[in-house]
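A quick write-up on the structure given underneath.
Just so it is clear, none of the values below were taken in a lab; they were calculated from the coordinates. In this text, all values refer to a predicted model and were calculated from it rather than measured experimentally. Reconstructed Cβ throughout: ideal geometry from the backbone, glycine too, with neighbour counts over all protein chains shown.
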Amino acid sequence: MSKNPLTRLLRFLFFAVVVRAVILVALGLTVRNRERLPKDGPAVLAGNHNSNLDALAMMSLMPLRLLSKLRPVAAMDYFYSSSLRGWFADNIVGIIPVKRGSGKEGGNPLLLAEQALDRGEILAIFPEGTRGEPETLQAFKKGIGHLAKARPNVPVLPVFMHGLGKALPRGSALLVPFNVIVSVGEPLYGKESYHAFVSELEAAMTALAAQEKLPVWE
Amino acid sequence: MILGIPASVVYATAAIYALLVVAMLIVALLRWRNPGERYSEVASRTDSWWWMIGAFTLCILLNQTVAVIFLAFISYLALKEYLSLIPTRRIDREVLLFAYLAIPLQYYWAAIDWYGMFIVFVPVWMFLFLPPLMVLRGQTEGFLRAVGTLSWGLMMTVFTLSHMAWLLVSGDAVNPVAGGIGLLFFLVVLTQFNDVAQYCWGKLLGRHKVTPHVSPKKTWEGLIGGVATTTLVAALAGPYLTPMDMRWSALAGLILGIAGFLGDITMSAMKRDLGVKDTGGLIPGHGGILDRVDSLTYAAPVFVHFVRYFYYP
């Protein structure tokens, strides 16, 4: 993220004005268990992924005074495919880039994310890895398990969101207003087996989804 | 006139705030004598009333354009809430944008007092225009359900509620006492008052259920007590806010009370069918916007056409 004060001001205005206005007027969030959200970093918010708006909606759950600590973890190949998008992702959204599949080459793809947690930052992460079919939960990737194992004292909160995939699904540039339900789960902590952690997180997410009476959308 | 606002409307506004202060004191007393969870919902309800009455009175008293935009925004929130609650087809996503587009147009007809267009736009033009758009998407599965739910939703959230805007604009010519604003005040304040009165009478005396399968909390005692109270208040306030004398005002109050109740249970039936308790979480203690304007969806058109039939040239 840029240290340039002008870029930081732009980032603040983007989140304080543009994002809040869109969330408030075009969407409208109903947040369940808001009191479970972390009061400060380090923390990880793990959401289901349906739309490009997911990260922005998740970041809007946190107060603006924590904005400088809020970073979404995002795939490099998508955001760095054009230079304008890359600049926007780096400086305005403030992403922590991850190279998809780089774990198989022996590197640690989540090194930057671990460093951010060490600085006390709050990460928004989408363990499904991709938006996929809108409003359908997919199997989680293992990265979140590795991250939680590497930083076992950092709370990981499952955040179930419904509606953003209807408002702005993959492959569409047209936003159609829909209300959004956000349900925050109890914090989970990393354990010895990353595999067990991923299963636990998936189960927590499925349980949050099952508590909601969601309309059919097909 | 006080600051360009009819004096009786100013007094009515003051009376509403006085009532709100009294309600707040009663709730504070109840909570003081009985701390804990028991009255916390009533307290958040009362807090929300401050916001709702504050926004309503501010926008309505500011000027007519602001008032119409404010009412249009309520329709928008209601339609958005409705479309988010009901099952919709993925393929109709873009068609729903056209349904939203009906809102500015419908409120524009109201704002320029073009009654002929205002009254046919949703039930004729939108009713005919949206189904072919869905047909052109090329999926017939679920077509009837999609068309039916969208048409009913537009009627309930846009057509019926927009009667408030048309009453505000057209009322000036027929109501020398307090203008369109006086008529709108009479309609909205009494309908909301009727909800609260039915709730209070039901809490105090309610025993016999009206609609045990739809809305088990509604009782005959609440309904009759509420409608009677509304009729009484209408008879007292009507002559100052509307062109009606005391007897006609009482009749209007009676109609408002019954229509409000019908709107309420109609929306309750929809919620039951969808399996939800509240339509949303916009208003703490109340639920969604549809939970708050449900009675107005019936009361607004019924009252407007009642007044139009008997008092418009």
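Quick notes on this structure:
- Using Cβ point charges alone (K and R +1, D and E -1), the dipole size of region B:179-313 about the Cα centre works out to roughly 260 debye.
- Counted as membrane-span-like here are DSSP H helices of chain B whose alpha-carbon atoms extend 18 Å or more along the helix's own axis and whose Kyte-Doolittle mean is 1.6 or above; these are B:7-33.
- By the rule of a C-alpha distance below 21 Å, with chain neighbours fewer than 8 residues away ignored, the lysines paired with residue A:99 are A:141, A:142, A:149.
- Annotation for residue B:277 and residue A:68: the two label points, set 7 Å from Cα along the Cα-Cβ direction, are 4.2 nm apart.
- In this label model, residue A:10 and residue B:47 are separated by 3.9 nm, measuring between points 7 Å along each Cα→Cβ vector.
- Straight Cα distances below 19 angstrom link residue A:39 to the aspartates and glutamates A:118, A:121, A:186, with same-chain residues fewer than 8 positions distant left out.
- Spacing of the two label points (7 Å from each Cα toward its C-beta) at residue B:21 and residue B:124, in nm: 5.1
- Lys/Arg +1, Asp/Glu -1 at C-beta; the protein assembly as shown dipole; positive extreme among B:206, B:250, B:309: B:206
- Taken over chain B, the alpha-carbon convex hull comes to 130 cubic angstrom per residue.
- Cα centroids of region A:49-97 and region B:144-188: 43 Å apart.
- Once each of the GluC sites (Glu not before Pro) sitting in a DSSP loop with at most 16 other beta-carbon atoms within 10 Å is removed, chain B keeps B:142-313 as its longest stretch.
- Estimated FRET transfer efficiency when R0 is 30 angstrom, pair residue A:87-residue A:118 (beta carbons, to 0.05): 0.70
- Over all directions, the projected convex hull of the C-alpha atoms in region A:115-218 averages 7.4 nm² in area.
- Peptide A:168-176 - average C-beta neighbours from other chains (10 Å radius): 2
- Farthest towards the positive end of the charge dipole of the protein assembly as shown, among the residues B:235, B:274, B:11, is the Cα of B:274, using unit charges on the Cβ of Lys, Arg, Asp and Glu.
- Charge dipole (Cα centre; +1 on Lys/Arg Cβ, -1 on Asp/Glu Cβ; no other charges) of chain A amounts to roughly 560 debye.
- What you get for the protein assembly as shown, charging only the Cβ of Lys and Arg (+1) and of Asp and Glu (-1), is a dipole of about 820 debye around the Cα centre.
- The calculated Kirkwood hydrodynamic radius for the protein assembly as shown is 25.6 Å, given to one decimal from all distinct C-alpha pairs.
- Ordering B:183, B:129, A:211 by Cα displacement along the dipole of the protein assembly as shown toward the positive end leaves A:211 in first place; charges were set at the Cβ atoms of Lys, Arg (+1) and Asp, Glu (-1).
- Overall Cα dimensions of region B:212-257, principal axis frame, Å, largest first: 40, 14, 13
- Semi-axes of the equivalent ellipsoid of region B:112-268 are 33, 26, 8 Å, computed as sqrt(5λ) over the eigenvalues of the C-alpha gyration tensor in descending order.
- Annotation: lysines with alpha-carbon distance below 24 angstrom to residue B:271 (same-chain offsets under eight excluded): A:166, A:213, B:80, B:203, B:209, B:217, B:218.
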